[in-house]
1. Residues that are of a type in the set (Asp, Glu): which strands (runs of 3 or more DSSP E) entirely in the stretch 429-510 hold 2 or more of them?
2. State whether one or more residues within the stretch 209-227 are within 30 Å of VAL344 (Cβ to Cβ) and of a type in the set (Gly, Ala, Ser).
3. For VAL167, work out the one condition from (1) crowded, with 21+ Cβ neighbours inside 10 Å; (2) within 20 Å of the chain's Cα centre (by Cα); (3) aliphatic (A, V, I, L, M) it doesn't fulfil.
4. Which one is surrounded by the fewest Cβ atoms within 10 Å (Cβ to Cβ), of the residues in the stretch 417-453 that are more than 26 Å from PRO21 (Cβ to Cβ) and among the hydrophobic types (A, V, I, L, M, F, W, C)?
5. For the stretch 390-428, enumerate the residues that are part of a strand (DSSP E or B), touching a residue at least 60 places away in the same chain (Cβ under 8 Å) and more than 14 Å from LEU534 (Cβ to Cβ).
6. So in the stretch 125-151, with the set limited to residues that are within 19 Å of the chain's Cα centre (by Cα) and surrounded by fewer than 22 Cβ atoms within 10 Å (Cβ to Cβ), which one is nearest to GLN99 (Cα to Cα)?
7. Inspect all residues belonging to the stretch 132-145 and state whether any of them is over 25 Å from ILE54 (Cβ atoms), of a type outside the set (Lys, Arg), touching a strand residue (DSSP E or B) at 6+ places or on another chain (Cβ under 9 Å) and assigned by TED's automatic domain parsing to the domain that holds VAL66.
Amino acid sequence: AAKLFVERRPEMFAQGYEGEPPQMCYTSRALIGQLVQDARDYYEGEKTAEELGIFWRPALPNPFPVEPMDNSSFCKCDGCRKWLAVERTPGTNVFSTGQYSDYFFNFINEVQKGLAQTHPDESIVTLAYASHAMMPARLKLDPRVAVQFCFAMNRTPWSREGYESEVRLLEDWGSEDVGRPLYLWLYYTFPVETANNGKYHCFPGFFAHTIGEQFGLFRAYGYRGMFHCGYGQEVESYVTFKLMDDPDAEVDDLLRDYFVGLYGPAAKPMRELYEAIEQAYCDPANYPKEGLSGAELAWGHLGTEERMARFAGLLEDAKALAATDAQERRIALFELGVWSYMTVGRQQYLKRTTAPIPAVAAPRVLGVSGDPDRLDWSQAAELPGSWFERGGDKPSVRQLGGRIAHDGTHLYLELTDACDPSKLEASAMVFPFDDWELFVAGQRALPYRQYAVGPTGLTVALSHGEVNFRRNVPLEDHGIQARSDTAAAGRWTTRLSIPLASVVAGGVAPGEKLYLNILRVSSPAVNGTGGLGLDTWVSHCTVHEVDRLGEVSLAP
């Protein structure tokens, strides 16, 4: 998109951040004017979506799209701040809020108003998503604006607070009664996407009956269409396609047609197998209150030994009942595509439960006073063992290392990456890369704290589960000192000082233990893979997995 920029216009970009701005300034009159002109060019055929830098290249009669970057690092200028002060969160453990609805939809109104001056019959489309999923409170969104509601938790019916909150938001938009065109963004990509990123096998997210309930809502509230962010699996695809044609169809009738049509006399055990997996996945009672994730959730709580034995028995019953070669092959396809994935996932989980967890004794040093530059790092203990790719058990190909110590008041860490520092990317809010991320707890469970530091030394501290199981709560007064050295050729060195009194909730004292994993999240330029890189100190333990944190003993 760089070729689209012909001059420097800093007034259009978010203020108050280091490096590349993470967002635009959504009160900037210059930005509003530019978007209005872009929309006019689009509708007049002067420029294509590709020429305007719209990556998915919509074409007429699709409306002109306007949406911010996928983060909440909004502009800090005075004009924007007055829109950002209102707390609008519909619950404790929810993804979709109205924190920035007033702010962003005010911007949308301004763009729509400008477009209407020359094109009164044309409109723009935007998302109701994440921090602007709720309807605005301080203004009315122009009824000409089409809204695509992002039902981010549509495939997590087991997470009742978050799921029910999003259903209410979906209903709110549908009850507006202003003739607004409404559409949907659905997330069939989960839980597979999360599992692929974490290099584990998820428990299948079967949810056919929930799909039926959702389509009833979509029709009742006048949603006209949907975009599927990711897709699958086979039963979900069949049911969804059928309901897109006829939203009043009964899911049980569709399932009968599907299983009888594919499996004939083996339909009964195959459907029982599907619905048993569906029930295990969708039932909130199967999910621990402390909010586990990853392989521990998938195979420690959902795909348990008892359930897997029952599933295997149903599959064998189906094999015995198949009457034709075609039916046998279809069962074999399920076994290959679903059941083998599940059994491998269970095997990997059992391997995970017996894999060694590193432990290190952090020596006590003197005369440092919280300043990591004053520490003689040769006195610190080296973090033992290998580092691992993406939280699995394959040793990392990258040269990573660390040392640890304490002085009775602070924990000290030195982290090294043998990379080309000139390729490091400093994100405005540290995430997503390049950074070091520490997950620290007083036990191998909630609550825990997350610390992230980037190449400039910019640091973010978050708490997870300390109050009402809330996640991603910013810690402003964390007291961390970070020193980032990118001057040496072929090496990035980061040194940290973290107060023992606040490294975990309630603090930790000399002679006690804390639990830790360290992740190196690398940019495509650094890791050379073309995507986000992730390496961990602890095997089988990735982002937000705290049941396998390494043990750190603080010397008395």
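The values are calculated or read from the model by the stated rules, or taken from the named source; none is laboratory data. This is a predicted model, so every value here is computed, not measured. Note: ideal-geometry Cβ built from the backbone for every residue, glycine included; neighbour counts use all protein chains shown.
1. 435-441
2. no
3. Among (1) crowded, with 21+ Cβ neighbours inside 10 Å; (2) within 20 Å of the chain's Cα centre (by Cα); (3) aliphatic (A, V, I, L, M), VAL167 violates only (1).
4. Within the stretch 417-453, the match that is surrounded by the fewest Cβ atoms within 10 Å (Cβ to Cβ) is ALA418.
5. Across the stretch 390-428, the qualifying residues are GLY402, ILE404, HIS406, HIS410, LEU411, TYR412, LEU413, GLU414, LEU415, THR416.
6. In this case the residue turns out to be SER131.
7. yes
Here's the yes/no breakdown for (1) within 19 Å of ARG144 (Cα to Cα); (2) free of Cβ contacts under 8 Å to residues at least 12 places away in the same chain; (3) of a type in the set (D, E, K, R):
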residue: ARG160; (1), (2), (3): no, no, yes
residue: TYR163; (1), (2), (3): no, yes, no
residue: ASP172; (1), (2), (3): yes, no, yes
residue: VAL192; (1), (2), (3): no, no, no
residue: GLU213; (1), (2), (3): no, yes, yes
residue: ALA220; (1), (2), (3): no, no, no
